[in-house]
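Once you've had a glance at the structure underneath, I'll fire off some questions.
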Amino acid sequence: MERTFILLKPDCVQRRLMGRIITRFEEKGLNVIAAKMLVITPELAKQHYAEHVQKGWYPTLEGFITGGPVLAAVLEGLEAIKVVRDMLGATNGLNAAPGTIRGDYSSSRQMNLVHGSDGPEAAAREIALYFKPEELCAYEPTITKWMRAGDEK
Ligand code: CDP
Ligand code: MG
């Protein structure tokens, strides 16, 4: 089992797509083990997007990501980091493949609805940035034995 961090960005909340997006992750077989709404401060935005702070386009990203409520969540499942990134699709919604979340719902490079951690280090760092350990509620769904054969490696 692996954990990843997702952020339903302000465009996702404003467009009332939260339910649809969470449903896609649940239907894939990922567990939501933490979730909360918040408004990201400029300080938190700089921590979250530390790798992009020096980029010329960072100020507009900060304005966007702090511009309305977001939903932060932790998903758990097999290869959750890769599975979620593949489900999101390419950064720019215009380039993202149909069938991906960004491909289906976004026509923007910035307003691409959902963030997902891009690797194990990022996942651990981002989960710790938004949640305390006691806020993570892992559980074993009783349907697990019907999701994947027991002898699959
Ligand atoms: O989210 P992802 O890892 O696919 O993309 P990124 O290259 O790490 O960029 C992080 C976020 O910054 C993107 O998801 C966009 O919302 C935003 N962005 C932007 O506003 N302008 C750009 N030229 C590139 C990215
Ligand atoms: Mg990225």
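Of all residues in the stretch 120-148, how many are over 22 Å from LEU61 (Cβ atoms), of a type in the set (A, V, I, L, M, F, W, C), more than 16 Å from ligand 2 (Cβ to nearest atom) and open to solvent by 50 Å² or more (accessible area, probe 1.4 Å)?
5
Looking only at the stretch 36-86, count how many residues are surrounded by 14 or more Cβ atoms within 10 Å (Cβ to Cβ), of a type in the set (Ser, Thr, Tyr) and more than 10 Å from ligand 1 (Cβ to nearest atom).
Count: 1.
Keeping to the stretch 87-119, report how many residues are within 14 Å of ligand 2 (Cβ to nearest atom) and either assigned to a strand (DSSP E or B) or open to solvent by 90 Å² or more (accessible area, probe 1.4 Å) (or both).
5
How many residues does the stretch 16-40 hold that are part of a loop (DSSP other than H, G, I, E, B) and free of Cβ contacts under 8 Å to residues at least 12 places away in the same chain?
Pass one, the stretch 16-40, residues part of a loop (DSSP other than H, G, I, E, B): 16-17, 29-30, 39-40.
Keeping just the survivors that are free of Cβ contacts under 8 Å to residues at least 12 places away in the same chain gives 16.
Residues that pass the stated criteria total 1.
A further question on this structure: Tell me which residues, restricted to the stretch 1-15, are outside any helix (DSSP H, G or I) and either within 14 Å of THR66 (Cβ to Cβ) or open to solvent by less than 50 Å² (accessible area, probe 1.4 Å) (or both). So that I can check it myself, show each step before the final result.
Within the stretch 1-15, the subset outside any helix (DSSP H, G or I) is 1-9, 15.
Matches in the stretch 1-15: THR4, PHE5, ILE6, LEU7, LEU8, LYS9.
The values are calculated or read from the model by the stated rules, or taken from the named source; none is laboratory data. Worth saying up front: this structure is predicted, and the values here are computed from it rather than measured. So basically every Cβ, Gly included, is an ideal-geometry build from the backbone, and we count neighbours across all protein chains shown. When the accessible area is computed, the model is the full protein with side chains, heavy atoms only, and any ligands, DNA or RNA have been set aside. Shrake-Rupley method; radii C 1.70, N 1.55, O 1.52, S 1.80 Å.
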